[in-house]
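Student: One structure, as structure tokens, below. Some questions next.
Here, each number is a calculation from the coordinates, and none is a lab measurement. Because the structure is a prediction, the values reported are computed rather than measured. Cβ atoms come from the backbone with ideal geometry, glycine included; neighbour counts cover every protein chain shown.
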Amino acid sequence: MSRSVIHDFGDQLRWSQDMSLEPSWVAFYRRLWPEMVAAIRVDMNGMLQHSGVDRIILLSNGKQITIDEKKRKTWYGDILLEEWSVWRGTPDNSIVGWTLDRRKQCDYIAYAVIPAKRCWLLPFELLRQAMIWNMDR
């Protein structure tokens, strides 16, 4: 079932940058990667942010993992796969959503639903390909 929900970008950006959940994010990543030496938050509006990188996880073996963090205020029983970030009436005048954005270079999407106290780590490229292959359905 498709639901169209329109949000104010400024409000959503402020909420997403709120630091109150920072300890929970770090604890989530530490459970996944006990060998984590750092969980670097990327806040600056630059190349990394435009590539879909909100967090860089550094492991003790030198590996770096890049993550795009998504969080929702309401539990709808699903995971939102954004087709359009900004819709202006036609695809040519609109901005593609994060799920289909070929510029995104993150390894994973960390998708948290705050009131449900749930967070999923999803492989981004696999998710993007599944969305492309199944859009018509």
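Student: Looking only at segment 123-137, how many residues end up being surrounded by 15 or more Cβ atoms within 10 Å (Cβ to Cβ) and either in a loop (DSSP other than H, G, I, E, B) or in contact (Cβ under 8 Å) with a residue 40 or more places away in the chain (or both)? Full working, then the answer.
Tutor: The first filter runs over segment 123-137 and keeps only residues surrounded by 15 or more Cβ atoms within 10 Å (Cβ to Cβ), leaving 124, 127-128, 131.
From what is left, the residues that are either in a loop (DSSP other than H, G, I, E, B) or in contact (Cβ under 8 Å) with a residue 40 or more places away in the chain (or both) are 124, 127, 131.
Qualifying residue count for the region: 3.
Student: Could you check segment 58-85 and list, in sequence order, the residues that are within 19 Å of W33 (Cβ to Cβ), within 14 Å of the chain's Cα centre (by Cα) and among the hydrophobic types (A, V, I, L, M, F, W, C)?
Tutor: The answer is I65, I67.
Student: Follow-up. Could you check segment 78-105 and list, in sequence order, the residues that are in a loop (DSSP other than H, G, I, E, B) and surrounded by 15 or more Cβ atoms within 10 Å (Cβ to Cβ)? Full working, then the answer.
Tutor: Residues of segment 78-105 in a loop (DSSP other than H, G, I, E, B): 78-83, 87-90, 94, 97-105.
Within segment 78-105, I79, L80, L81, E83, G97, W98, T99, L100, D101, K104, Q105 qualify.
Student: Okay, next question. Every residue in segment 30-40 that is touching a Lys or Arg at 6+ places or on another chain (Cβ under 7 Å) and either surrounded by fewer than 16 Cβ atoms within 10 Å (Cβ to Cβ) or at positive phi (or both), please.
Tutor: Quick first cut of segment 30-40, residues touching a Lys or Arg at 6+ places or on another chain (Cβ under 7 Å) only: 36, 39-40.
Correct list: I40 only.
Student: For I65, only one of the following conditions fails: (1) free of Cβ contacts under 8 Å to residues at least 60 places away in the same chain; (2) in a loop (DSSP other than H, G, I, E, B); (3) surrounded by 13 or more Cβ atoms within 10 Å (Cβ to Cβ). What is its number?
Tutor: Unmet condition: (2).
Student: Does segment 42-56 hold any residues that are surrounded by fewer than 16 Cβ atoms within 10 Å (Cβ to Cβ) and either within 15 Å of D107 (Cα to Cα) or in contact with a strand residue (DSSP E or B) (Cβ under 6 Å, 6 or more places away or on another chain) (or both), and which are they? Spell out how you get there, then give the answer.
Tutor: Just the residues of segment 42-56 that are surrounded by fewer than 16 Cβ atoms within 10 Å (Cβ to Cβ), to begin with: 43-47, 49-51.
Result: Q49, H50, S51.
Student: Mind listing whichever residues of segment 87-101 are out of contact with any Leu (no Cβ under 8 Å at 6 or more places or on another chain) and touching a residue at least 12 places away in the same chain (Cβ under 8 Å)?
Tutor: Narrowing segment 87-101 to residues out of contact with any Leu (no Cβ under 8 Å at 6 or more places or on another chain): 87-96, 98, 100-101.
Residues satisfying the conditions are V96, W98, L100, D101.
Student: When the residues of segment 106-118 are narrowed to those that are of a type outside the set (K, R), surrounded by fewer than 19 Cβ atoms within 10 Å (Cβ to Cβ) and over 11 Å from the mean Cα position of the chain (by Cα), which ends up nearest to Q64 (Cα to Cα)?
Tutor: Residue satisfying both the conditions and the ranking: I114.
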